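The values are calculated or read from the model by the stated rules, or taken from the named source; none is laboratory data. Remember, predicted model here, so these are calculated numbers, not experimental data. Here the Cβ is made from the backbone with ideal geometry for all residues, glycine too, and neighbour counts use every protein chain on show.
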Ligand SMILES: [Zn+2]
């Protein structure tokens, strides 16, 4: 009985030499197959697809926080600096400032190609 030739999992060509349990015809095919199907590749593609959404989300948050910050600064301008509300607004302003710099930092950490 003729032994049926195994086919390369990547290119589908017959595997002519090597061990009988070989799945790929060559190292190049092995690498190509894993590059196409590897988890790393899948994650990278997911990241590429969703990067834009993430950037848009960060930009939207930056816009909201910036306008809140301006609103509070305008209120503070008209306010007695010793009032309780003034202290409260200063507190909010500081928090917004921290949030904004964190968002900017996050945005900078997203690589562009
Ligand atoms: Zn092959």
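Taken over segment 17-42, residues that are within 12 Å of the ligand (Cβ to nearest atom) and surrounded by 10 or more Cβ atoms within 10 Å (Cβ to Cβ) amount to 12. Would you mind stating whether residue 109 is modelled with pLDDT of 95 or more and surrounded by fewer than 11 Cβ atoms within 10 Å (Cβ to Cβ)? It is false that residue 109 is modelled with pLDDT of 95 or more and surrounded by fewer than 11 Cβ atoms within 10 Å (Cβ to Cβ).
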